[in-house]
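Worksheet for the structure shown next.
The values are calculated or read from the model by the stated rules, or taken from the named source; none is laboratory data. Note that the coordinates shown come from a computational prediction; the quantities given were computed from them, not determined experimentally. Quick reminder, even Gly has a Cβ in these numbers, built from the backbone with ideal geometry, and neighbours come from all protein chains shown. Calculation scope for accessible area: heavy atoms of the full protein, side chains included, ligands and nucleic acids excluded. Shrake-Rupley method; radii C 1.70, N 1.55, O 1.52, S 1.80 Å.
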Amino acid sequence: MAKNNVLQTFKTEISKIASLDDLLLLETKYFGRNGVLNAQLKNMKDLNAEKRKALGKEMNQLKYKILESISKKRQEIVSFGQKNTIDVTLPGKKYASGSLHLVTYAIEEISNIFEKIGFIRMSYPEIEWEWFSFEALNMPKDHPARDDFETFYIQSPTNQKYGKMILTPHTSSGQPREMMRLGKPPIRMINIAKTYRPNWDASHVPMFHQFEGLCIDKRINITHLKGTIDFFAKEYFGQDRATRLRPFHFQFTEPSFEVDITCDICAGTGKVADGTKCRLCKQGWLELGGTGMVHPTVMKAGGLDPNEFTGWAFGFGVERVMMMKPGVGLNNMRALYDGDIRVLEQF
Ligand code: PHE
């Protein structure tokens with residue numbers, strides 16, 4: 001090959017190359033022992049000193065030009081590969097898919113159930129005056145019933161009428177709040193909110209949630225209460241579940257009850273298949289929460305006339321009912337707030 005053509009030919013050849021393998025072959029073709037460049041030097045020994053020197057210089061320049069363009073090409077191939085090659089053998093990326101927290105999910109389910117029967121979801125202050133949580137609910141300062149609602153106090157000035165500020169120990173403060181907000185019945189509200197009491201064990205956490213229903217109108221009676229609680233229990237736990245009202249005492253309701261629901265393990269019988277006692281409920285019933293007919297004193301505190309209106313209220317724990325739902329299988333309430341993602345990943 002004539003010397004002048006060497007560079008020309010090389011340029012055409014390298015322009016067609018797109019892989020490192022082909023580039024290596026080309027490099028060998030030019031620089032190998034029997035390569036193009038060595039072939040050019042074959043006749044060198046027959047030349048006189050002057051010509052030899054000239055040829056040597058020319059060949060060196062050619063060599064550097066070729067080397068330079070090979071290394072440029074290598075760079076090109078490598079950086080192009082980095083940007084555009086998809087390695088289909090790499091394992092795929094997994095993106096974590098989230099889900100609602102169990103408590104958030106339960107709150108949505110509960111509000112949907114009550115929405116179906118015309119209850120309006122309401123919110124009231126979580127940092128509240130003592131008066132709305134206690135005095136208005138017929139629990140004066142020294143009443144021992146107040147001890148059942150152990151309370152977190154806020155450092156705040158004391159208001160003459162409303163007392164100190166607290167973190168709501170129950171959602172019942174929503175009762176006088178709603179009566180005062182509306183001014184007159186009908187009232188059908190559901191208050192689902194955070195509640196606080198200083199307890200920490202398998203079935204108590206210091207911050208938990210309650211849902212409180214309040215229904216006030218003319219001629220409201222216990223049958224409406226029982227019907228509503230039955231509706232909720234069947235919607236939330238299953239159509240085969242039944243409820244009962246068991247006499248109890250609360251300062252803010254008269255009469256007062258605790259609500260029980262049939263146990264789903266023994267279907268309300270208290271006995272399992274082999275005739276032994278059900279270990280979950282012992283006598284067929286599980287406790288849901290408190291309820292009763294709104295006390296006339298509470299009605300008055302909320303600005304309503306108890307001779308004209310009657311009503312009922314109930315207050316249940318969100319975490320508690322959620323943990324009682326068949327299939328949830330959670331036996332430690334603290335697990336809900338430990339922040340361990342593995343708990344939530346199971347649902
Ligand atoms: N506030 C009560 C509690 O936290 C529950 C309750 C609400 C009882 C409404 C009666 C009526 O235990």
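Computed with every protein chain present, the accessible area of W129 is close to 60 Å² [probe 1.4 Å]. Within the straight-line cut-off of under 24 Å between alpha carbons, the lysines reachable from K141 are K161, K164, K194, K300, sequence neighbours fewer than 8 places apart in one chain being disregarded. Checking Cβ-Cβ separations below 4.7 Å across the chain identifies C215 as cysteines lacking any candidate disulfide partner. In this structure the amide hydrogen of H170, modeled in the peptide plane, comes within under 5 Å of the amide hydrogens of Y196, none closer than 5 places in sequence on its chain. Straight-line cross-link reach from K63 at under 22 Å between alpha-carbon atoms covers these lysines, not counting any fewer than eight positions away in the same chain: K3, K11, K16, K29, K42, K45, K51, K53, K72, K73. In order along segment 122-138, phi translates into HN-Hα couplings of 10, 10, 10, x, 8, 9, 10, 6, 3, 3, 5, 8, 10, 3, 5, 9, 6 Hz, rounded to whole numbers, per the Karplus curve 6.51 cos²θ - 1.76 cosθ + 1.60 with θ = phi - 60° and x for Gly and Pro. Name the lysines eligible as straight-distance cross-link partners of K277: C-alpha to C-alpha under 26 Å, and not fewer than 8 places from it in the same chain. Cross-link targets: K234, K325. Please list, in chain and number order, the residues 5+ apart from A242 or on another chain whose amide H is under 5 Å from its amide H, with Hs placed from the backbone. When sequence neighbours closer than 5 places are left aside, the close amide H contacts are T262. Converting phi to 3J(HN,Hα) with the Karplus coefficients 6.51, -1.76 and 1.60 and the offset θ = phi - 60°, segment 158-173 yields 8, 8, 4, 8, 8, x, 8, 9, 9, 8, 3, x, 7, 7, 5, 4 Hz in sequence order, with x at every glycine or proline.
Multiply the residue gap between H249 and K51 by 0.36 nm, knock off their C-alpha separation, and tell me the result in nm, one decimal place. Write down the numbers at each step before the final one.
Working: separation 198, 0.36 × 198 = 71.28 nm, distance 12.06 nm.
Here the segment from H249 to K51 would lengthen by 59.2 nm.
Computed from Cα atoms, the angle from the helix 49-84 axis to the main principal axis of the chain rounds to 20 degrees. Placing unit charges on each Cβ (+1 for Lys and Arg, -1 for Asp and Glu) gives segment 3-83 a dipole about its Cα centre, and among L23, T9, F80 the Cα reaching farthest toward its positive end belongs to T9. Per the Debye calculation on segment 223-285 with a single equal scatterer at every Cα and no solvent contribution, log₁₀ I(q)/I(0) for q = 0.20 Å⁻¹ amounts to -0.81.
Binning all Cα-Cα separations of segment 102-344 at 10 Å, short to long from zero, yields these whole-percent fractions: 7, 30, 36, 20, 6, 1, 0. Between amide H atoms placed 1.01 Å from N, distances below 5 Å from H295 occur with T253, E254, all of them 5 or more places distant or on a separate chain. Relative to the longest principal axis of the chain, what angle (0 to 90°, nearest 10) does the C-alpha long axis of helix 3-15 take? Around 20 degrees separate the two axes. With all distinct Cα pairs included, what does the Kirkwood hydrodynamic radius of segment 131-259 come out to in Å, to one decimal, could you say? After inverting the pairwise mean of 1/r, the radius is 16.5 Å.
D142 versus W200, label points 7 Å from Cα toward the beta carbon: distance in nm? Each label point lies 7 Å from its Cα, and together they span 3.4 nm. Ranked by the mean number of other Cβ atoms within 10 Å of their residues, highest first, the peptides 67-77, 204-214, 170-180 come out as 170-180, 204-214, 67-77.
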